[in-house]
1. Can you list residues from other chains, or at least 5 along the same chain, whose modelled amide H is less than 5 Å from the amide H of GLY98?
2. Determine ³J(HN,Hα), in whole Hz, for all residues of segment 119-136 in sequence, where each value follows from phi through the Karplus function 6.51 cos²θ - 1.76 cosθ + 1.60 and θ = phi - 60°; x replaces Gly and Pro.
3. Report the label-to-label distance for ASN97 and ASP113 in nanometres (one decimal), using points 7 Å from each Cα along the Cα→Cβ vector.
4. Leaving ligands, DNA and RNA out of it, rank THR99, THR53 by accessible area with a 1.4 Å probe, largest first.
5. Can you give the three extents of the C-alpha atoms in segment 69-146 along their principal axes, from longest to shortest, in whole Å?
Amino acid sequence: MTGERGEAEPAAAAGEAESAAGSGAAEPATAEPATAEPATAEREGAQTELGETTVFERVVAKVAVQAAREALRSGSAARKVPSGPAHWPRASAKLRNGTARVRVLVELGYPSDIGAQCAAVRRQVASRVKQLAGIDVPEVAVGVERLHSEQLDGERSGRVR
(Lines give C-alpha, C1' and ligand atoms only; values in the text may rest on other atoms or scores of the structure.)
Protein backbone atom coordinates (compact mmCIF):
# COMPACT_ATOMS: atom_id res chain seq x y z
CA MET A 1 0.00 0.00 0.00
CA THR A 2 1.29 3.44 -0.83
CA GLY A 3 0.14 6.96 0.00
CA GLU A 4 -0.20 9.84 -2.41
CA ARG A 5 3.55 10.39 -2.68
CA GLY A 6 4.43 6.73 -3.15
CA GLU A 7 5.50 6.23 0.49
CA ALA A 8 4.58 3.09 2.34
CA GLU A 9 1.94 3.55 5.00
CA PRO A 10 3.13 2.64 8.53
CA ALA A 11 0.72 -0.28 8.93
CA ALA A 12 1.71 -1.73 5.57
CA ALA A 13 5.41 -1.32 6.29
CA ALA A 14 5.04 -3.12 9.63
CA GLY A 15 3.21 -6.01 7.96
CA GLU A 16 5.85 -6.28 5.25
CA ALA A 17 8.64 -6.34 7.85
CA GLU A 18 6.91 -9.13 9.77
CA SER A 19 6.40 -11.22 6.64
CA ALA A 20 10.02 -10.68 5.54
CA ALA A 21 11.29 -11.66 8.99
CA GLY A 22 9.12 -14.77 9.00
CA SER A 23 10.28 -15.88 5.56
CA GLY A 24 13.97 -15.61 6.45
CA ALA A 25 14.62 -12.83 3.90
CA ALA A 26 17.43 -10.50 4.92
CA GLU A 27 16.78 -6.77 4.69
CA PRO A 28 19.70 -4.37 4.31
CA ALA A 29 20.45 -2.35 7.44
CA THR A 30 20.52 1.44 7.33
CA ALA A 31 23.45 3.49 8.55
CA GLU A 32 21.64 4.92 11.56
CA PRO A 33 23.43 4.59 14.91
CA ALA A 34 22.34 1.93 17.39
CA THR A 35 20.30 3.18 20.35
CA ALA A 36 19.72 1.41 23.64
CA GLU A 37 16.22 0.69 24.86
CA PRO A 38 15.53 2.25 28.26
CA ALA A 39 14.39 -1.09 29.71
CA THR A 40 17.69 -2.90 29.15
CA ALA A 41 21.37 -2.09 28.67
CA GLU A 42 22.07 -5.64 27.45
CA ARG A 43 21.26 -4.98 23.80
CA GLU A 44 21.57 -2.26 21.18
CA GLY A 45 18.97 -1.60 18.51
CA ALA A 46 19.03 0.30 15.26
CA GLN A 47 15.72 1.73 14.05
CA THR A 48 14.99 1.42 10.35
CA GLU A 49 11.90 2.22 8.37
CA LEU A 50 10.99 -1.49 8.35
CA GLY A 51 11.83 -2.44 11.92
CA GLU A 52 14.61 -2.68 14.46
CA THR A 53 17.91 -4.54 14.48
CA THR A 54 19.00 -5.69 17.93
CA VAL A 55 22.52 -6.82 18.85
CA PHE A 56 22.95 -8.41 22.27
CA GLU A 57 26.05 -8.10 24.46
CA ARG A 58 26.77 -11.83 24.19
CA VAL A 59 26.93 -11.50 20.39
CA VAL A 60 29.47 -8.68 20.65
CA ALA A 61 31.47 -10.82 23.12
CA LYS A 62 31.48 -13.80 20.72
CA VAL A 63 32.66 -11.60 17.86
CA ALA A 64 35.40 -10.25 20.16
CA VAL A 65 36.57 -13.77 21.06
CA GLN A 66 36.83 -14.76 17.40
CA ALA A 67 38.64 -11.52 16.54
CA ALA A 68 41.12 -12.06 19.39
CA ARG A 69 41.79 -15.60 18.15
CA GLU A 70 42.41 -14.22 14.65
CA ALA A 71 44.86 -11.65 16.01
CA LEU A 72 46.76 -14.21 18.10
CA ARG A 73 47.03 -16.92 15.40
CA SER A 74 49.89 -15.18 13.67
CA GLY A 75 53.37 -14.84 15.11
CA SER A 76 55.85 -17.15 16.76
CA ALA A 77 54.17 -16.94 20.18
CA ALA A 78 50.98 -18.56 18.82
CA ARG A 79 52.49 -22.05 18.76
CA LYS A 80 53.48 -21.82 22.44
CA VAL A 81 49.87 -21.61 23.63
CA PRO A 82 48.21 -25.03 23.91
CA SER A 83 45.34 -25.56 21.48
CA GLY A 84 41.75 -26.22 22.42
CA PRO A 85 38.75 -24.27 23.70
CA ALA A 86 40.10 -24.21 27.28
CA HIS A 87 42.85 -21.85 26.10
CA TRP A 88 40.75 -19.60 23.83
CA PRO A 89 40.33 -15.94 24.76
CA ARG A 90 37.33 -14.98 26.88
CA ALA A 91 35.40 -11.75 26.43
CA SER A 92 32.61 -9.67 27.90
CA ALA A 93 30.91 -6.58 26.49
CA LYS A 94 28.82 -3.71 27.79
CA LEU A 95 26.63 -1.80 25.35
CA ARG A 96 25.58 1.79 25.92
CA ASN A 97 24.61 4.69 23.63
CA GLY A 98 25.49 2.89 20.42
CA THR A 99 29.00 1.89 21.52
CA ALA A 100 30.53 -1.18 23.13
CA ARG A 101 33.11 -1.49 25.87
CA VAL A 102 34.86 -4.85 25.48
CA ARG A 103 37.10 -6.76 27.89
CA VAL A 104 39.16 -9.65 26.51
CA LEU A 105 41.24 -12.11 28.55
CA VAL A 106 43.97 -13.97 26.67
CA GLU A 107 46.72 -16.53 27.18
CA LEU A 108 50.00 -15.72 25.47
CA GLY A 109 53.21 -17.54 24.65
CA TYR A 110 56.38 -16.67 26.55
CA PRO A 111 58.77 -15.14 25.69
CA SER A 112 57.01 -12.78 23.30
CA ASP A 113 56.22 -9.12 22.78
CA ILE A 114 53.19 -8.94 25.06
CA GLY A 115 52.47 -5.28 24.31
CA ALA A 116 52.45 -5.84 20.55
CA GLN A 117 50.14 -8.85 20.87
CA CYS A 118 47.71 -6.92 23.10
CA ALA A 119 47.73 -3.99 20.63
CA ALA A 120 46.97 -6.41 17.78
CA VAL A 121 44.05 -7.86 19.77
CA ARG A 122 42.70 -4.35 20.46
CA ARG A 123 42.85 -3.35 16.80
CA GLN A 124 41.32 -6.59 15.52
CA VAL A 125 38.47 -6.64 18.08
CA ALA A 126 37.50 -3.01 17.41
CA SER A 127 37.66 -3.55 13.65
CA ARG A 128 35.70 -6.82 13.52
CA VAL A 129 32.94 -5.69 15.94
CA LYS A 130 32.44 -2.55 13.84
CA GLN A 131 32.50 -4.58 10.61
CA LEU A 132 30.21 -7.43 11.70
CA ALA A 133 27.88 -5.82 14.26
CA GLY A 134 28.00 -2.17 13.18
CA ILE A 135 28.86 -0.98 16.69
CA ASP A 136 31.77 1.33 17.49
CA VAL A 137 34.23 0.07 20.12
CA PRO A 138 36.12 3.00 21.64
CA GLU A 139 37.65 0.88 24.39
CA VAL A 140 39.05 -2.66 24.37
CA ALA A 141 40.64 -3.76 27.65
CA VAL A 142 43.00 -6.70 27.15
CA GLY A 143 44.05 -8.76 30.16
CA VAL A 144 46.73 -11.45 30.09
CA GLU A 145 45.53 -14.41 32.17
CA ARG A 146 48.45 -16.75 31.63
CA LEU A 147 51.81 -16.97 29.90
CA HIS A 148 52.81 -20.30 28.35
CA SER A 149 56.42 -21.38 27.93
CA GLU A 150 57.15 -24.56 25.98
CA GLN A 151 59.93 -25.42 28.41
CA LEU A 152 57.94 -24.82 31.60
CA ASP A 153 54.73 -26.41 30.32
CA GLY A 154 56.70 -29.58 29.52
CA GLU A 155 58.30 -29.67 32.99
CA ARG A 156 54.97 -29.49 34.82
CA SER A 157 53.71 -32.74 33.36
CA GLY A 158 56.77 -34.71 34.52
CA ARG A 159 57.16 -33.16 37.96
CA VAL A 160 57.83 -35.64 40.79
CA ARG A 161 57.91 -34.88 44.52
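The values are calculated or read from the model by the stated rules, or taken from the named source; none is laboratory data. Since we're looking at a predicted model, the values are computed, not measured. All Cβ positions, glycine included, derive from the backbone under ideal geometry; neighbour counts span all protein chains shown. For the accessible areas, the whole protein counts, side chains as well, though only heavy atoms, and no ligand, DNA or RNA atoms are used. Shrake-Rupley method; radii C 1.70, N 1.55, O 1.52, S 1.80 Å.
1. Answer set, sorted by chain and number: ALA36.
2. After applying 6.51 cos²θ - 1.76 cosθ + 1.60, I find 5, 5, 5, 4, 4, 5, 5, 4, 5, 5, 5, 5, 5, 8, 10, x, 10, 6 Hz.
3. For ASN97 paired with ASP113, the spin-label model returns 3.5 nm.
4. THR53, THR99
5. Each principal axis gives a Cα extent; for segment 69-146 these are 39, 21, 18 Å.
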